Amino acid sequence: MRESSRIAAVQSPVIPVVADMIRQCPGTISLGQGVVHYGPPPQALASISTFLADPENHKYKPVDGVPALREKLAQKLRDENGIQTGQGSSLMVTAGGNMAFMNALLVIADPGDEIIIQTPYYFNHEMAIAMANCRPVLVPTDECYQLRIDAIRSAISPRTRAIVTISPNNPTGAVYPEQALREVNRLCAERGIYHIHDEAYENFVFGDAIHFSPGRMPGSAAHTISLFSFSKAYGFASWRIGYMVFPSELHVGIKKIQDTILICAPVISQYAAAGALEAGSEFIRGKIAGMAEVRALVSESLGELRGICSAPKADGAFYFLLRLDSEIPPLALVERLVREHRVAAIPGNAFGIHKGCTLRIAYGALQAETAAEAMRRLVSGLKEIVGT
């Protein structure tokens, strides 16, 4: 008896590994998992009573999502992203952004096909590609973690089915300029491949950075798959609600996939999501204003590590991806930080960086006082471990 060789070849998620280290060292402050410190808005919780009032809601609901949520999502997409649904594009509610990515992957690719992803990559994307018996083609980003269009173009082969971009980016915090995303989208149109664009962190932009949805480009509907999530902006991580916009010609195929794996996203969570949209962008802006203060604190603290650490510009999401002047294996460094300094981060090799020592730090889950203490521990720890 043995497990599938396909699954055995997939990397193990690093988040549970670090979480186990944290459990063994009580008092550790985590700069690890990418979650926010707040929960859903009151309107989301109030919507649950509406769900409970109708016994029919305990039965299966449409694969695409409940109509009330889909209508609100269509309006949000028009108003905030400039994306029109129903004109060659379809909309589906999913169980989080990861499921939306898997739906997209399974509907467009056959075993052995290639999917271009940017390095550093989001590890669940790379894992999904391997699980689908496809080949991830890794294209390095530049020194500032920005897209290298020429390198992407050179990586396209006859087996390429899609180019994946994430902006604002996990794990780097980079925000891709509109022009770069337009170039990728046009390249996909020219080569007859899909542009899968993950916008889970669309609301988390700081300073002069601007979020851009390539799905709004004229003529992009036939080759663009846009992925979204409630997990971050609305504090919905455990509620498992995401959604996707995709070419209508893929609709039947994606319904087959979702009906088989899930049937429909949790209906109680869909009602809560519809309530969250009533709170809307005003709720999100209030939360991000506070997060901007924490981001500034983290950035200032990183300045104390000049000489042993560099942190490229990160104007989005709630991450910094640190490059350390050290040959210590990243996971070993994380283990020492947890054990000796009670602060946790995520090793960069989980994101496909196998040269040098890198760490991802996440500040979304922390408020100012805790963030200050976490950064004091991180700076002290890195100075002691790496600076020696």
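The values are calculated or read from the model by the stated rules, or taken from the named source; none is laboratory data. As the structure is a prediction and not an experimental result, all values here were calculated from the model. Because the Cβ atoms are built from the backbone with ideal geometry, glycine has one as well, and the counts that use them run over all protein chains shown. Side chains included, ligands, DNA and RNA excluded: accessible areas come from the protein's heavy atoms. Shrake-Rupley method; radii C 1.70, N 1.55, O 1.52, S 1.80 Å.
In Å, what Rg and Dmax follow from the Cα atoms of segment 124-252?
Radius of gyration, then largest Cα-Cα span, for segment 124-252: 14.6, 41 Å.
Put +1 on the Cβ of each Lys and Arg and -1 on the Cβ of each Asp and Glu in the chain; which of Tyr363, Val245, Ile15 then has its Cα farthest toward the positive end of the dipole?
Ile15
Within segment 34-62, which residues have the backbone N less than 14 Å from the label spot 7 Å out from Ala289 along Cα→beta-carbon, could you tell me?
Of the residues in segment 34-62, none has backbone N under 14 Å from the label point off Ala289.
Volume per residue, Å³, of the convex hull around the alpha-carbon atoms of segment 71-198?
Numbers: hull volume 14.6 nm³, N = 128.
Dividing the Cα hull volume of segment 71-198 by its residues yields 114 Å³.
Under the Kirkwood approximation for Rh and a Cα-based Rg, what ratio Rg/Rh is obtained for segment 279-388? Walk me through the numbers before you get to the answer.
On the way: Rg = 14.4 Å, Rh = 14.4 Å.
That ratio equals 0.99.
To check you understand DSSP bridge types, tell me what percent of the beta bridges within the chain (both residues inside) are antiparallel, rounded to 5. The partial results should precede the final answer.
Numbers: 21 of 41 bridges.
Here the share of antiparallel DSSP bridges comes out near 50 percent.
Where the centre of each part is set by its Cα atoms, how far does segment 311-351 sit from segment 27-66, in angstrom?
31 Å
In units of 2.2 N^0.38 Å, what is the alpha-carbon radius of gyration of segment 234-284?
Numbers: Rg = 13.2 Å, N = 51, 2.2 N^0.38 = 9.8 Å.
Normalised by 2.2 N^0.38 Å, the Cα Rg of segment 234-284 equals 1.35.
Sort Lys256, Lys76 from largest to smallest accessible area, using a 1.4 Å probe on the heavy atoms of the protein chains. Don't skip to the answer; put the middle values down first.
On the way: Lys256 135, Lys76 25 Å².
So, going from the largest accessible area down, we get Lys256, Lys76.
Return the distance in nm (one decimal) between the two label points of a simple spin-label model at Val252 and Glu190, each offset 7 Å from Cα along Cα→Cβ.
3.3 nm
Let me check I have the definition right: for segment 221-314, take the eigenvalues of the Cα gyration tensor, multiply each by 5, take square roots. What are those semi-axes in whole Å, largest first? Intermediate results must be reported in sequence, preceding the final value.
Details: eigenvalues 254, 76, 32 Å².
Taking √(5λ) for each Cα gyration eigenvalue gives 36, 20, 13 Å.
Among Lys76/Lys287; Lys59/Lys287; Lys232/Lys383; Lys232/Lys355; Lys232/Lys313, which pairs are too far apart, with a Cα-Cα distance over 27 Å? Can you show the working numbers first?
On the way: Lys76/Lys287 19 Å; Lys59/Lys287 35 Å; Lys232/Lys383 32 Å; Lys232/Lys355 30 Å; Lys232/Lys313 21 Å.
Pairs exceeding the cut-off: Lys59/Lys287; Lys232/Lys383; Lys232/Lys355.
At each listed q (0.13 Å⁻¹), what is the log10 of I(q)/I(0) that the Debye formula gives for the chain modelled as equal alpha-carbon point scatterers?
Result of the Debye calculation: -1.12.
What net charge is computed for the residues neighbouring Phe206, neighbours being all others with C-beta under 15 Å from the C-beta of Phe206, Lys and Arg scored +1, Asp and Glu -1? Each step should come with its number before you reach the end.
Values: positive: Lys232, Arg285, Lys287, Arg295, Lys313; negative: Glu202, Asp208, Glu293, Glu300, Asp315.
Around Phe206, the surrounding residues sum to 0.
Quick one: with all protein chains in place, what share of the accessible area of the chain is carbon or sulfur, to the nearest percent (1.4 Å probe)? Mind showing how you got there, number by number?
Values: 8320 of 16420 Å².
The computed percentage sits at 51.
Which of the lysines could a cross-linker span from Lys61 if the Cα-Cα distance has to be under 16 Å and same-chain partners fewer than 8 positions apart are dropped?
Lys255, Lys256
Rg and Dmax of segment 327-379 over Cα atoms: what are they, in angstrom?
11.6, 34
Accessible area per residue, 1.4 Å probe, Å², for segment 101-214: what's the number? Please report the intermediate quantities before stating the final value.
On the way: 4000 Å² over 114 residues.
Heavy-atom accessible area per residue stands at 35 Å².
For a quick check: with amide H placed at 1.01 Å from N, whose amide H comes under 5 Å from Ser89's, ignoring anything fewer than 5 positions away on the same chain?
Ser248
Give me the dipole magnitude in Debye, nearest 20, for segment 174-272 about the Cα centre, with unit charges on the beta carbon: positive for Lys and Arg, negative for Asp and Glu. Kindly include the intermediate steps, with their values, before the conclusion.
Details: 8 positive and 9 negative charges, 50 e Å.
Computed about the Cα centre, the dipole is about 240 debye.
Along its principal axes, what span do the Cα atoms of segment 1-123 show, with the longest given first and each in whole Å?
That works out to 45, 43, 38 Å along the principal axes.
Let me know the charge dipole size of segment 221-331 about its Cα centre in debye, to the nearest 20, where only the beta-carbon of Lys, Arg (+1) and Asp, Glu (-1) is charged. Mind dumping the intermediate values first?
On the way: 10 positive and 10 negative charges, 42 e Å.
With Lys and Arg at +1 and Asp and Glu at -1, about 200 debye.
Treating only the Cβ of Lys, Arg, Asp and Glu as charged (+1, +1, -1, -1), what charge dipole size does the chain show about its Cα centre? Round to the nearest 20 debye. Can you show the working numbers first?
Values: 36 positive and 37 negative charges, 96 e Å.
Using only the charged Cβ atoms, the result is roughly 460 debye.
So for segment 63-116, taking the charge dipole from beta-carbon charges (+1 Lys/Arg, -1 Asp/Glu), which of Ala95, Leu69, Gly112 sits furthest toward the positive end?
Leu69
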